[in-house]
Amino acid sequence: MNEDHFLEFDEYIQGEMNAADKLSFEQQLLLFCNARYIVSASGAALVNMLWAPAGAQVMVLMNDTPYANY
């Protein structure tokens, strides 16, 4: 999936693309506590979904390797 597909998806769900690693902890908390949809690569940044409201939808992007690297 490339950035163009993400932009189309964001437009479809009327969302916005954010890079959580560029935000302060407080900004991340505010962003995720209001999220309806979370789309992220597999990794530590997904811990932010703990702040998401009940019913938020989470999509985790993974590569197609048969071996996990964690």
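The values are calculated or read from the model by the stated rules, or taken from the named source; none is laboratory data. If you're wondering where the values come from, they're calculated on a predicted model, not measured in any experiment. As a convention, Cβ positions derive from the backbone with ideal geometry for all residues, glycine included, and neighbour counts pool all protein chains shown. The area values use the complete protein model at the heavy-atom level, side chains included, leaving out ligands, DNA and RNA. Shrake-Rupley method; radii C 1.70, N 1.55, O 1.52, S 1.80 Å.
In the range 16-70, carbon and sulfur make up what percent of the accessible area (probe 1.4 Å)? Ligands and nucleic acids excluded, carbon and sulfur give 57 percent. The amide H of Y37, built 1.01 Å from its N in the peptide plane, has Q57 as neighbours under 5 Å, considering only residues 5 or more places off or on other chains. Modelled spin-label separation between M59 and D21, with each label point placed 7 Å from Cα along the Cα-to-Cβ direction: 2.1 nm.
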